Amino acid sequence: MKEKLNEEKLKAENQKKENLNKEIRKEHLLQERIVNEILVKFKMEGIFCEVSRYGHGHINDTFLVITQTDSLQNKYILQRINHSIFKEPLRLMKNISLVTSFLKKEIEKTGGDERREVLTIIETLNQEIVYQDKEGSYWRMYLFIDDADCFEQVQNINVFYQSAVAFGRFQKMLQDFDASQLYEVIPNFHHTPLRFEKFQKVVSEDLLHRAEKIQPEIEFFMKREADMKLCRQAMVEKKLPLRVTHNDTKLNNVMMDKKTGKGLCVIDLDTVMPGLSIFDFGDSIRFGANTAVEDETDLSKVSLDLNLFEQYAKGFLEGCDGSLTEEEVRMLPQGAKTMTLECGMRFLTDYLEGDIYFKIAREDHNMDRCRTQIELVRDMERKWGQMEQIITQLPGK
Ligand code: ADP
Ligand code: GN1
Ligand code: MG
């Protein structure tokens with residue numbers, strides 16, 4: 001019996017090793033293909049030196065590319081766009097091109113550095129903003145924002161405050177951008193009630209028989225259906241205005257200037273679409289005001305840091321510079337709670353569907369991510385009165 005168990009364990013370990021080797025070989029081939037087929041299509045300066053995986057995004061494949069001109073290094077970000085999520089990469093890139101061109105003009109007006117404060121698209125040799133390879137994958141390239149940090153977790157309160165100013169300013173700068181030019185990249189991206197309907201459907205189908213393992217988590221979301229409708233309802237009733245928003249305001253989607261410590265450049269512009277300001281605020285709180293990382297497995301580490309919440313709110317209002325309405329400010333806590341509920345539910349939906357949306361690095365990764373979001377919502381519910389109090393006492397509303 002014991003021998004059989006050992007044999008099975010060994011077999012499973014060998015299988016794991018084999019899978020890992022397969023992954024390494026695949027990655028090696030991909031990077032070879034990048035060097036030989038992809039990089040040569042873009043207008044990069046200098047002689048190619050190296051390419052390596054980069055960052056911690058959940059969606060696209062991101063690479064850092066280094067080239068050299070004489071003794072100078074040039075750096076670029078190369079991305080393979082996630083084509084199964086972004087169905088029309090050309091239209092997506094057209095959005096990004098329109099938004100970055102608009103922002104560059106705004107930045108020039110204030111005497112800023114348009115090569116560091118906004119993403120710069122590197123075109124292909126044929127003047128295209130995206131390249132489709134023989135296999136059908138879509139690639140894009142940006143200038144690398146150098147001398148800047150990108151944080152996965154808040155290091156100190158000032159970093160978080162400064163990131164808030166940057167995201168608020170991003171929204172403010174786009175207030176005169178004509179939203180009708182934008183294609184809706186992912187329809188109903190933050191339509192929380194629709195996300196809830198999808199969740200219910202996936203739970204009831206339970207094609208992979210995973211639901212049994214996560215009954216308490218499923219119930220948690222089922223009980224909060226009414227809560228998840230509040231922001232959408234306020235939008236439909238025109239109590240909250242539709243603005244051009246970023247829609248994915250995680251701390252690792254803003255670059256922080258190493259010298260000044262200030263927010264330098266908002267990146268990851270895939271989901272810039274009409275949306276709610278309180279969701280941009282809320283998604284930052286969900287990710288950055290959590291005392292634990294998004295995929296922490298020790299749930300006792302998860303909580304809402306009220307100090308961080310307050311500083312982010314302060315910075316966001318400062319960046320928005322008076323452009324938010326009274327109702328938007330009042331609903332900031334609800335934006336934070338809704339984004340955390342929605343994201344938790346999305347992780348759980350993906351877990352039930354077999355991890356087909358968010359990149360995972362381990363088994364049950366999406367389930368772990370979902371659990372941190374649930375824990376964070378619970379803490380927000382405990383601290384709700386304090387969250388509202390903080391918002392009413394903010395300066396410069
Ligand atoms: P994803 O959609 O997968 O999150 P991102 O566009 O956010 O992809 O890129 C992933 C990571 O790559 C970012 O979190 C950041 O660390 C880094 N990154 C992306 N663009 C740039 C850039 N232009 N300069 C420097 N770093 C970048
Ligand atoms: C994804 O692309 P990235 O990693 O910045 C996702 C967000 C989620 C986030 C959760 C296009 O963001 O909506 O909130 O993961 N982006 C997309 O960490 O779905
Ligand atoms: Mg990102």
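The values are calculated or read from the model by the stated rules, or taken from the named source; none is laboratory data. Remember, it's a predicted structure, so these values are computed and weren't measured experimentally. Please note: Cβ atoms are built from the backbone with ideal geometry, for glycine as well, and neighbour counts cover all protein chains shown. For accessibility, only protein heavy atoms count, side chains too; no ligands or nucleic acids. Shrake-Rupley method; radii C 1.70, N 1.55, O 1.52, S 1.80 Å.
See the values below:
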quantity	calculated
Count - residues of the stretch 279-336 that are under 16 Å from Gln373 (Cα atoms), open to solvent by 50 Å² or more (accessible area, probe 1.4 Å) and of a type in the set (Gly, Ala, Ser)	1
Positions within the stretch 169-207 being touching a Leu at 6+ places or on another chain (Cβ under 7 Å), over 18 Å from Met228 (Cβ atoms) and away from ligand 2 (no atom under 16 Å from the Cβ), in sequence order	Met173, Gln181, Asp206
Enumeration of residues in the stretch 349-384 that are among the hydrophobic types (A, V, I, L, M, F, W, C), under 20 Å from Asn247 (Cα atoms) and in a helix (DSSP H, G or I)	Cys370, Leu376, Val377
Every residue from the stretch 38-79 that is closer than 22 Å to Ala361 by Cα and open to solvent by 70 Å² or more (accessible area, probe 1.4 Å)	Arg53, Tyr54, His56
Some residue of the stretch 347-354 being loosely packed, with under 15 Cβ neighbours inside 10 Å, in contact with a Pro (Cβ under 8 Å, 6 or more places away or on another chain) and over 25 Å from Phe170 (Cβ atoms)	no
Residues being open to solvent by less than 10 Å² (accessible area, probe 1.4 Å) and either assigned to a loop (DSSP other than H, G, I, E, B) or in contact with a Gly (Cβ under 9 Å, 6 or more places away or on another chain) (or both) - total across the stretch 264-278	4
Ala226 being open to solvent by 30 Å² or more (accessible area, probe 1.4 Å) and of a type in the set (A, V, I, L, M, F, W, C)	yes
Some residue of the stretch 94-102 being free of Cβ contacts under 8 Å to residues at least 60 places away in the same chain and within 30 Å of Asn247 (Cα to Cα)	yes
Checking Val35 against (1) under 25 Å from the mean Cα position of the chain (by Cα); (2) surrounded by 13 or more Cβ atoms within 10 Å (Cβ to Cβ); (3) at pLDDT 95 or above, the condition it does not meet	(1)
Residue within the stretch 58-77 that is closer than 22 Å to Lys250 by Cα, at pLDDT 95 or above, more than 16 Å from ligand 3 (Cβ to nearest atom) and not in a helix (DSSP H, G or I) present	yes
Matching residues, the stretch 146-198, being aliphatic (A, V, I, L, M) and free of Cβ contacts under 8 Å to residues at least 60 places away in the same chain	Leu194
First in the stretch 294-309 and acidic (Asp, Glu), second anywhere and part of a strand (DSSP E or B), Cβ under 8 Å, 6 or more apart	Asp305/Asn290
Residue list for the stretch 118-161, filter: among the basic types (Lys, Arg) and within 16 Å of ligand 2 (Cβ to nearest atom)	Arg140
Cross-chain or 6+ apart pairs with Cβ under 8 Å, the stretch 354-367 first and more than 17 Å from Leu208 (Cα to Cα), then open to solvent by 40 Å² or more (accessible area, probe 1.4 Å) and modelled with pLDDT under 95	Lys359/Gly57
From Phe151, Phe102, residue being closer than 30 Å to Ser84 by Cα and in a loop (DSSP other than H, G, I, E, B)	Phe151
Cβ-Cβ under 7 Å pairs, at least 6 apart or on other chains, the stretch 210-224 side part of a loop (DSSP other than H, G, I, E, B), far side not small (Gly, Ala, Ser)	Arg210/Tyr351; Arg210/Leu352; Arg224/Leu341
Single unsatisfied condition, Asn252 versus (1) closer than 30 Å to Phe177 by Cα; (2) open to solvent by 70 Å² or more (accessible area, probe 1.4 Å); (3) in a helix (DSSP H, G or I)	(2)
Test: residue in the stretch 80-87 that is among the small types (Gly, Ala, Ser) and within 16 Å of ligand 2 (Cβ to nearest atom)	yes
Test: residue in the stretch 149-156 that is open to solvent by 30 Å² or more (accessible area, probe 1.4 Å), under 19 Å from Thr349 (Cβ atoms) and not aliphatic (A, V, I, L, M)	no
